[in-house]
Structures are given as structure tokens and as C-alpha cells.
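Each remark here refers to the structure printed beneath this line.
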Amino acid sequence: MEDVLWSGELDNIAGITLNAANYIYNYRQKRKTTKFILDNYNQLENVISTVLGIWTGHTYVGERKQEKIKKAFQKFFVNFMDLLLDIKNYSENYALKEKQLSKKALFQGTVYRLLGHNTADKNEKIEQTFDDIYVSWSKIPQNSYFESKLYGVITWIKCIISVKYFGIDLTALQCSRSNEQEIVFPTIEECITEIKYIEER
């Protein structure tokens, strides 16, 4: 799916997201040496759902996130993934609720992404770049809603998340919009199996 610009107060969104990222990091560090505390875990779930709600609910189709927002969400998803993998890899050290979170959130499988423009005055195709930045993907290969919002040539990308890689399943976490089946995952070159350009729709 497309890159986006976040609406609303950018400083507020970045602040909420960075606070959540820091909470996840601190939770992860404490759990290496302390027992499971339900209140702390409930707060963890709250900060995660708040940020994922912002991620899925404040977007403009076809526009890129501003750099401040991009960096804040990158820190959030990196810390979230580190926690999920800790729970998966050292499951005997974690409580049932934590194990359930990791099992739900970690995803392997095939996902798809669309890139395009949000205005009709742009037509050139967007070449995919490869990096470790977390972006939105979908389990659905075609999405007429997003295609209807994009102008010009659409870049369609297929990715297989497998082996050592995992995405974060927002649908399983009940944070994805119903028609998106959203997965959050970086654009890693070795995982990309197909790129094509859709010129006429």
C-alpha cells in the first residue's frame, strides 16, 4: 500500500508514538529481570493499541509521512518487533498473555503493496526502494478502494515474509481497517518476488 502523510498535530502524534516506543523498550528490559505484572502488561497493550490506531486512522492515500513522524513510528515498530521476538524466542520466560500477543502479532506469508500518486497531475511511476523502514502491506493482492485513490502508474509489489523475517499483523491485533488486512513490514529486497506497473485501470 501507499506511503502517507499524517494529519493533525504532528508534534503530538510524534510525541505519543515516541512515548509508546520508550514504554515498550522499558517493558522489554524490565521483563528480562522481573516477573510478569498485569498492570504493566495492560498499560503495554494500551500504548500499542493507541499508536496502531493512529497509524491506521490518520492517513491520506498517496502521500508520504513527514520525516518526524516516519522516525517516531520506525522506533515504535522496531521496539515492538524486538519485544515480540523476545517473547517468541524465550517463551518459557513469559506469561500466557505475552505469549498470546506474540503469537497473534507475528506474521509470515505473502503480502502486497501499492505505490502511486494522490493527485492527477502526476503520472510517472514510482520505483520501489529497499530499506528497513516499516511500511504498510496487505494480505489482499488487489484493493479497488486504494486503486481508486491513486493516480498515474501504480507500482504493485509482491513480498513473501518467511524464514528469519516476520511482519506485524494489525488484523490479528484488531487494529486494521476491515478492507485492508494490514501487515507492517520493511521493504527487504530478498523478500520481494514480483514488481509490476499498472498503467490502465
Task: Matching entry among Asn19, Asn26 (being more than 22 Å from Ile188 (Cβ to Cβ), modelled with pLDDT of 95 or more, more than 20 Å from the chain's Cα centre (by Cα) and not acidic (Asp, Glu)) - done: Asn26
TODO: Would you please name the residue that is surrounded by the most Cβ atoms within 10 Å (Cβ to Cβ), looking only at residues in the range 173-201 that are assigned to a loop (DSSP other than H, G, I, E, B) and of a type in the set (A, V, I, L, M)?
DONE: Leu173
Task: Selection status of Ala14, aliphatic (A, V, I, L, M) and at pLDDT 95 or above - done: no
Task: Pairs, first without any contact (Cβ under 8 Å) to a residue 40 or more places away in the chain in the range 87-114, second part of a helix (DSSP H, G or I) and open to solvent by 90 Å² or more (accessible area, probe 1.4 Å), C-beta under 6 Å, six or more apart - done: Ser102/Lys88
- [ ] Go through the residues of the range 61-73 one by one and say whether even a single one is polar (S, T, N, Q), closer than 30 Å to Leu150 by Cβ, open to solvent by 80 Å² or more (accessible area, probe 1.4 Å) and outside any strand (DSSP E or B).
- [x] yes
- [ ] Name every residue in the range 115-127 that is in contact (Cβ under 8 Å) with a residue 40 or more places away in the chain and surrounded by 14 or more Cβ atoms within 10 Å (Cβ to Cβ), in order of residue number.
- [x] Leu115, Gly116, His117, Asn118, Lys125
TODO: Mind counting the residues in the range 149-172 that are open to solvent by less than 10 Å² (accessible area, probe 1.4 Å) and outside any strand (DSSP E or B)?
DONE: 2
Open item on the list: Going through Val51, Val111 one at a time, which residue ends up being modelled with pLDDT of 95 or more, open to solvent by less than 90 Å² (accessible area, probe 1.4 Å), part of a strand (DSSP E or B) and hydrophobic (A, V, I, L, M, F, W, C)?
Closed with: Val111
Task: First in the range 159-185 and free of Cβ contacts under 8 Å to residues at least 60 places away in the same chain and closer than 9 Å to Phe107 by Cα, second anywhere and open to solvent by 10 Å² or more (accessible area, probe 1.4 Å) and hydrophobic (A, V, I, L, M, F, W, C), Cβ under 8 Å, 6 or more apart - done: Ile161/Phe107; Tyr165/Ile188
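The values are calculated or read from the model by the stated rules, or taken from the named source; none is laboratory data. Here the structure is a predicted model, which means the values were calculated and not measured. Every residue, glycine among them, receives a Cβ derived from its backbone with ideal geometry; neighbour counts consider all protein chains shown. Side chains included, ligands, DNA and RNA excluded: accessible areas come from the protein's heavy atoms. Shrake-Rupley method; radii C 1.70, N 1.55, O 1.52, S 1.80 Å.
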